[in-house]
Structures are given as C-alpha cells and as structure tokens.
Amino acid sequence: MTLTRRNSESKKSIKLEEIVRLVEGELVGDRSVTITGVAGIKEAQKGDITFLANAKYLPFLEETQASAIITSKEVHSSGKTLVRTVNPSLAFTRVLSIFSDSKPERPEGVHPSAVLHKTARLGGRVSIGPHVVIEKDVVIGDNTVIEAGVFIGEACVLGADVWIYPNVTIREATQIRDRVMIHSGTVIGSDGFGYETVDGSRIKIPHTGWVLIEEDVEIGANVCVDRGRFSKTWIQKGAKIDNLVQIAHNVVIGPNCLVVSQCGISGSSELGKNVVLAGQVGLVGHITLGDNTIVGARSGVSKSFPMGSVLLGEPARPIAEQKKILAVIAKLPELFKDILELKKKAR
C-alpha cells in the first residue's frame with residue numbers, strides 16, 4: 001500500500017466573540033473583529049490575536065499591531081481590543097489549537113520499504129513510514145503513526161494514537177500506552193550503565209528489564225531512557241520530558257512531572273507526582289523527591305527531599321537556605337578586603 005496525505009487545511013478565520021466564549025474571557029473593545037491568525041506580541045499584524053502573560057512585555061501592549069490581545073484581568077488599554085482572562089497563557093494555547101495542528105499531516109498505510117515481521121499485529125488505521133523496521137511479536141494500536149526510519153524491537157506493545165517521529169529506536173519489550181508522543185533521535189530501552197569491577201576490569205551487568213511509558217506522555221528529541229536492570233523503568237501518566245534528558249535504569253518518573261532539557265537522573269531514583277526539574281539538574285541514584293518538589297536549574301541533588309520542597313544549588317538545598325549562601329558569596333570580595341585590612345592592622 002502506498003502512502004497518501006491529507007490535503008492541507010484552508011486558512012481559518014473566526015469571530016473574536018467566539019474566541020471569548022472559548023476561553024471564558026471578558027471582551028473589552030471592538031466586538032466585530034475577525035481573527036485570521038495567531039502570533040507573538042512583537043510580530044503580530046492586523047487580523048492576528050496575541051497574548052500578554054508576562055509583565056515585562058507590557059510596553060508592547062500599545063505598540064502591537066494585533067487586532068486583539070489576550071491578557072490578565074488586571075490589564076487595561078485605552079485603544080486596544082482585549083480579551084481578559086484568568087490565565088492568558090492557557091487561553092492563548094486554546095486559541096492556538098484552532099489555527100494550527102502541532103502534528104504533521106497524518107500519512108496513511110504502510111510504506112513499501114518498511115520491514116515488518118510476519119507476527120507483528122497492527123490495529124486499524126496504523127501508519128508506517130519509509131524504512132521502518134518492526135520485529136517479532138510487536139503489537140501496535142489503532143491510529144498510531146510510526147514515521148520514517150523507526151526501529152521497534154521484539155515484543156514491544158504500543159497503544160492507540162501514539163505518534164513516533166523519525167529515527168526513534170524502541171528496544172525490545174518496551175510498553176507504550178495511548179497518546180504518547182516521542183520525538184526524533186530518542187532511544188527507549190537501551191541498556192543501563194552498570195558494571196562490576198573484577199581484577200581491574202569492568203564486567204558488564206546484564207539489564208533484563210523493560211520500559212513502561214504510560215498514557216499522555218511526551219518525550220522530546222535525543223532522550224535516552226534505559227531499561228530496568230530486573231524490572232521496569234517507569235514514566236507515569238502525563239509526564240513531559242524535554243530534549244537531551246538521560247533517564248537511567250529503574251528510575252520512576254511520577255504523574256505529570258516536567259523534566260527540562262539536559263537533566264540526568266541516576267539509577268533507581270524516584271520522582272513523585274508534579275515534580276519539576278529545571279534545565280541541567282542532576283540526581284544521584286537511589287533517592288526520592290516527594291510530590292510537587294521543584295528543583296532549580298543546574299542544581300545537583302544528592303539526597304532525598306520531602307513533598308513540596310523547593311531546591312536550588314550544588315548540592316541542592318532548600319531555596320531559602322541557598323539564597324542566604326549566595327548572598328554571602330556575593331560579599332566575599334568585600335569581606336576579603338576587610339580581612340586584608342585587619343591583617344595589616346594586626347602586624
């Protein structure tokens with residue numbers, strides 16, 4: 001079967017009053033405006049709707065050429081048409097979904113260059129792109145898209161409405177549930193980094209576990225998720241993983257966690273629900289971060305912390321404590337001069 005693609009959507013337009021109802025906002029200004037596109041506040045032109053969620057962009061409110069601006073309830077403008085909402089960023093996201101499709105046009109069918117083992121089972125309306133390799137006993141659910149160059153190893157199970165972008169590797173026995181999205185270059189189920197030292201030599205420890213990725217997870221580009229040593233590495237419902245993240249063997253990522261780019265999570269560490277790791281955070285192995293913990297960028301976490309912690313620094317500490325340390329460090333040049341003066345006086 002050859003691949004076909006849907007026709008591109010025609011340019012959309014929508015009355016501003018419909019947008020107001022969609023976002024449950026308050027309209028201030030011209031009710032007759034028609035919106036034909038979305039754009040940032042600096043780039044927007046006539047016909048566009050934009051948003052203002054950060055106070056540092058307030059100077060652009062009067063300068064923007066946008067036909068309407070989604071703002072917070074507190075914002076006022078004498079000459080602009082506003083849609084005032086409780087959460088401007090969320091409201092703009094809803095509007096954005098009207099005008100754009102975050103996924104490319106969905107291909108249909110199996111490309112003739114794809115290599116599928118005879119035991120592979122495909123659900124309805126599955127799409128398989130060029131040069132995909134699907135090995136023995138793989139199961140793929142309805143409406144799932146596997147783009148070009150993807151490898152899916154033996155006994156993997158993918159749910160419905162999964163989207164795998166080009167050149168992803170999914171190693172054997174991986175389980176991926178519904179509505180998961182995995183971006184290009186990511187490797188799921190690679191061996192964990194484990195060795196025993198015997199007489200000065202590194203002896204590889206076999207990793208015989210698997211990876212479980214639950215519903216509504218999104219994994220960015222060039223992420224590595226290692227299989228468990230014996231059981232599973234587990235990414236739970238709704239978690240979002242940014243690009244260039246390393247998740248080691250037997251790590252547990254709790255529901256709705258956010259892991260930002262260049263983080264590294266060592267083996268057997270666990271994140272509770274709604275944990276946020278900012279960019280370049282590192283975790284040692286075998287620790288736990290409780291629910292709703294936030295770790296600031298470039299922090300190194302060397303021990304467990306309870307739920308609700310806000311951490312910063314290397315090693316990571318509660319943020320109030322770390323801010324005091326940083327304040328003292330900033331005064332070190334001045335303190336050093338004082339010490340030199342004291343030494344001169346003491347001679």
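Per-residue ellipticity at 222 nm for the chain, helices alone: DSSP H runs ≥ 4 residues times -39500 (n - 2.57), over residue total, nearest 500 deg cm²/dmol? Spell out each step's value before the answer.
Details: 4 runs with 47 residues, N = 347.
Counting only the DSSP helices, I get -4000 deg cm²/dmol.
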Under 26 Å from the Cα of LYS118 - lysines, other chains or at least 8 residues apart: LYS136
R0 of 35 Å, Cβ-Cβ distance ARG121-ASN243: FRET efficiency to nearest 0.05: 0.65
Sorted by Cβ neighbour density within 10 Å, fewest at the top, the residues TYR165, TYR57, TYR195: TYR195, TYR57, TYR165
Theoretical FRET efficiency, 1/(1+(r/R0)^6), r = Cβ-Cβ of ASN54 and GLU334, R0 25 Å, to 0.05: 0.15
Cut-off 13 Å between beta-carbons: net charge of the residues surrounding ALA39, Lys and Arg +1, Asp and Glu -1: 0
Considering only the chain, percent of DSSP beta bridges that pair antiparallel, nearest 5: 15
Around GLU18: net Lys/Arg minus Asp/Glu count, Cβ-Cβ under 14 Å: +3
Ordering of 59-67, 218-226 by burial proxy (mean other Cβ atoms within 10 Å per residue, highest first): 218-226, 59-67
Neighbourhood net charge (11 Å Cβ-Cβ; Lys/Arg +1, Asp/Glu -1) for GLY296: +2
Straight-distance crosslink candidates among lysines, where the alpha carbon sits under 25 Å from LYS331 and sequence neighbours closer than 8 are dropped: LYS323, LYS343, LYS344, LYS345
Global form of the stretch 14-99, assessed from the alpha-carbon gyration tensor, a/c cut-off 1.5: rounded
Dimensionless Rg ratio for the stretch 109-322, taking C-alpha atoms and the 2.2 N^0.38 Å reference: 1.06
Highest to lowest packing among 47-54, 121-128, scored as the average C-beta count within 10 Å: 47-54, 121-128
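Every read-out reported here was derived from the displayed coordinates using simple, explicitly stated rules and does not represent laboratory data. These numbers were taken from a predicted model, which means no experiment stands behind them. Using ideal geometry, Cβ is built from the backbone for each residue, glycine included, and neighbour counts are taken over all protein chains shown.
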